[in-house]
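Below: one structure, written as structure tokens.
The values are calculated or read from the model by the stated rules, or taken from the named source; none is laboratory data. Predicted model only: the values in this text are computed from it and were never measured. Ideal geometry is used to build each Cβ from the backbone, glycine not excepted, and the neighbour counts take in all protein chains shown.
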Amino acid sequence: MISQERIRAVVEKVAQKPIPADPEESLFESGVLDSFALPDMIGELEKEFHLKVPDADLTPRKFDSVARIADYLSVHVS
Amino acid sequence: MAFLRAFGSYVPSRIVGNPELEALLGCDSDWIVSVSGISERRYADDTESVVDLAVNAATDCLSRARVQPSDVGLVIVASGSAGRRFPGPAAETASRLGMAGTPSIDLPMASAGSLFGMAIGAQLAALHGRVLVIAAEKMSAVISRPPLDRNTAILFGDGAGACLIDPKDGVAEIIDSSLHSDGSFAHNLLLEFDQPIHMDGRVVILQASRKVPAVIRELLDRHQRPASSIATFLMHQANQNLITRIAQALEVAPEKFYSNIARYGNTSSASMLIAASEWNAFRKDEPVVFAAFGAGFHWGALLALGT
């Protein structure tokens with residue numbers, strides 16, 4: 001089980017901003033992430049969770065919220 | 001074996017600064033600079049076509065190379081903003097340069113067009129002799145199509161660049177190249193005829209942030225060269241923030257990435273050759289990497305070594 005708190009810590013480290021309490025809220029629409037912070041955040045997630053996100057999975061939708069990130073990681077992190 | 005003999009460029013005289021776009025697009029100049037690094041761009045006038053831009057850049061290139069048009073064996077013209085379905089601008093450009101009868105090829109590619117043209121030209125030089133690679137874009141005609149989208153309209157400008165590839169000598173030898181394409185992202189950055197350009201910026205930036213450093217590493221690994229050993233990187237001038245991200249990913253000082261995007265904006269396929277033409281500082285035994293990413297997606301890198 002991937003802890004949402006670990007994900008939130010990674011997102012906050014990259015964004016340098018508080019993130020929405022609602023895990024379903026879009027990190028883009030809430031202004032936490034912009035286009036250039038997204039690659040940085042995915043890079044940090046890869047380090048934190050020891051995975052390599054393949055290029056085919058590099059779509060903003062998969063990483064749009066803490067809940068979506070948790071869904072992705074729950075499938076791809078062993 | 002093939003060499004980079006000379007570069008050339010042309011940009012229209014009309015300068016469009018950020019303040020001119022403020023009222024039109026409902027955004028302010030500082031925002032444009034912060035999201036793109038662009039302060040101004042050039043727009044061609046209504047009478048200036050993609051072919052006109054291409055001819056001017058090619059003329060500059062041939063003049064610098066001191067090569068007559070009759071001594072060119074093949075012309076390749078990349079453009080993603082040509083004005084009609086066919087014929088593309090290649091044959092007309094060649095004829096206007098006095099090269100009627102010389103084979104000419106259109107590359108209907110946008111941002112990666114000049115990189116692909118150089119890589120293909122390097123292979124064909126052994127067969128055809130000197131290859132003139134031109135990239136020309138009139139993006140102002142594209143971004144002015146309604147409805148105006150400020151996220152794309154702020155980025156693009158007009159211009160053309162050219163590169164003469166010579167099978168025998170030049171300022172740098174083309175050592176190798178790596179090219180890639182993935183059509184599964186075609187819908188994320190596209191231009192339909194008579195439609196505004198569609199760009200999903202988040203996808204483009206995310207993919208480019210990964211693919212460009214990866215293809216540069218792939219190319220350099222084949223030659224046992226670390227990125228830190230490269231003297232200069234000449235990239236497609238897409239967005240200053242993206243260029244900086246790529247430098248960081250390669251752990252290379254951003255100063256090694258030549259940039260003129262502040263003055264010309266993103267001129268799509270033309271940008272890398274305009275940058276090369278302005279930089280034009282090859283030194284013996286110094287490696288230079290060219291790299292581009294664009295609609296398709298197409299992306300790649302090319303390694304050259306100063307002679």
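Can you find a residue that is closer than 24 Å to residue B:13 by Cα and not assigned by TED's automatic domain parsing to the domain that holds residue B:291 anywhere in region B:117-130?
So far as region B:117-130 goes, no, none of its residues is closer than 24 Å to residue B:13 by Cα and not assigned by TED's automatic domain parsing to the domain that holds residue B:291.
Is it the case that residue B:186 is within 24 Å of residue B:138 (Cα to Cα) and surrounded by fewer than 19 Cβ atoms within 10 Å (Cβ to Cβ)?
Values: within 24 Å of residue B:138 (Cα to Cα): yes; surrounded by fewer than 19 Cβ atoms within 10 Å (Cβ to Cβ): yes.
Here the answer is yes, as residue B:186 does meet what is asked.
Sort through A:57, A:64 and tell me the only one that's acidic (Asp, Glu), crowded, with 18+ Cβ neighbours inside 10 Å and within 14 Å of another protein chain (Cβ to nearest Cβ).
After applying the criteria, what remains is A:64.
Of B:255, B:251, B:218, which residue is over 17 Å from the mean Cα position of the chain (by Cα), among the charged types (D, E, K, R), over 30 Å from residue B:85 (Cα atoms) and not in a helix (DSSP H, G or I)? Reasoning before the result, please.
Working: B:255 fails: not in a helix (DSSP H, G or I); B:218 fails: not in a helix (DSSP H, G or I).
B:251 is the lone residue from the list that is over 17 Å from the mean Cα position of the chain (by Cα), among the charged types (D, E, K, R), over 30 Å from residue B:85 (Cα atoms) and not in a helix (DSSP H, G or I).
Residue B:135 versus (1) assigned to a strand (DSSP E or B); (2) farther than 28 Å from residue B:197 by Cβ: which is the lone unmet condition?
(2)
Based on what the data block shows, is residue B:194 at pLDDT below 95 and away from chain A (no Cβ under 14 Å)?
yes
List, please: which pairs have Cβ atoms under 8 Å, are six or more places apart or on different chains, and start with a residue in region B:199-220 that is facing another protein chain (nearest Cβ under 7 Å) and end with one that is among the small types (Gly, Ala, Ser)?
Qualifying pairs under 8 Å: B:201/A:35; B:202/A:35; B:205/A:35; B:206/A:35; B:209/B:249.
Among B:66, B:5, B:41, which is surrounded by 17 or more Cβ atoms within 10 Å (Cβ to Cβ), closer than 24 Å to residue B:168 by Cα and at pLDDT 95 or above? Lay out the reasoning, then the answer.
Details: B:66 fails: surrounded by 17 or more Cβ atoms within 10 Å (Cβ to Cβ); B:41 fails: closer than 24 Å to residue B:168 by Cα.
So the residue among B:66, B:5, B:41 that is surrounded by 17 or more Cβ atoms within 10 Å (Cβ to Cβ), closer than 24 Å to residue B:168 by Cα and at pLDDT 95 or above is B:5.
Could you check how many residues of region B:228-252 are surrounded by fewer than 18 Cβ atoms within 10 Å (Cβ to Cβ) and under 17 Å from residue B:214 (Cα atoms)?
Within region B:228-252, residues that are surrounded by fewer than 18 Cβ atoms within 10 Å (Cβ to Cβ) and under 17 Å from residue B:214 (Cα atoms) number 5.
Tally the residues that are of a type in the set (D, E, K, R), more than 9 Å from every other protein chain (Cβ to nearest Cβ) and not in a loop (DSSP other than H, G, I, E, B), restricting the search to region B:221-245.
Residues in region B:221-245 being of a type in the set (D, E, K, R), more than 9 Å from every other protein chain (Cβ to nearest Cβ) and not in a loop (DSSP other than H, G, I, E, B): 2 in total.
Is there a residue in region B:108-115 that is at pLDDT 95 or above, assigned by TED's automatic domain parsing to the domain that holds residue B:93, part of a helix (DSSP H, G or I) and among the aliphatic types (A, V, I, L, M)?
Within region B:108-115 (the criterion being at pLDDT 95 or above, assigned by TED's automatic domain parsing to the domain that holds residue B:93, part of a helix (DSSP H, G or I) and among the aliphatic types (A, V, I, L, M)), the answer is yes, since at least one residue qualifies.
Just for strands (runs of 3 or more DSSP E) wholly inside region B:1-76: which have at least 3 residues that are among the aliphatic types (A, V, I, L, M)?
Hits in region B:1-76: B:2-10.
Would a scan of region B:248-258 turn up a residue that is in contact with a strand residue (DSSP E or B) (Cβ under 8 Å, 6 or more places away or on another chain) and under 25 Å from residue B:198 (Cα atoms)?
For region B:248-258, residues in contact with a strand residue (DSSP E or B) (Cβ under 8 Å, 6 or more places away or on another chain) and under 25 Å from residue B:198 (Cα atoms): absent.
A quick yes/no check of all residues on (1) within 10 Å of chain B (Cβ to nearest Cβ); (2) over 15 Å from residue B:202 (Cβ atoms); (3) assigned to a helix (DSSP H, G or I); (4) not acidic (Asp, Glu):
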position: A:8; (1), (2), (3), (4): no, yes, yes, yes
position: A:19; (1), (2), (3), (4): no, yes, no, yes
position: A:23; (1), (2), (3), (4): no, yes, no, yes
position: A:27; (1), (2), (3), (4): no, no, no, yes
position: A:30; (1), (2), (3), (4): no, no, no, yes
position: A:39; (1), (2), (3), (4): yes, no, yes, yes
position: A:44; (1), (2), (3), (4): no, yes, yes, no
position: A:51; (1), (2), (3), (4): no, yes, no, yes
position: A:68; (1), (2), (3), (4): no, no, yes, yes
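Return the pair list, or none, for Cβ contacts closer than 6 Å from residues in region B:45-64 that are farther than 16 Å from residue B:75 by Cβ and in contact (Cβ under 8 Å) with a residue 12 or more places away in the chain to residues that are of a type in the set (Ser, Thr, Tyr) and not in a helix (DSSP H, G or I), at least 6 apart or on different chains.
Listed pairs, sorted by first residue: none to list.
Scanning for something charged (D, E, K, R) and touching a strand residue (DSSP E or B) at 6+ places or on another chain (Cβ under 7 Å), does region B:16-35 turn up at least one residue?
There is no residue in region B:16-35 that is charged (D, E, K, R) and touching a strand residue (DSSP E or B) at 6+ places or on another chain (Cβ under 7 Å).
State the number of residues belonging to region B:17-38 that are surrounded by fewer than 18 Cβ atoms within 10 Å (Cβ to Cβ) and closer than 24 Å to residue B:236 by Cα.
So the answer is 6.
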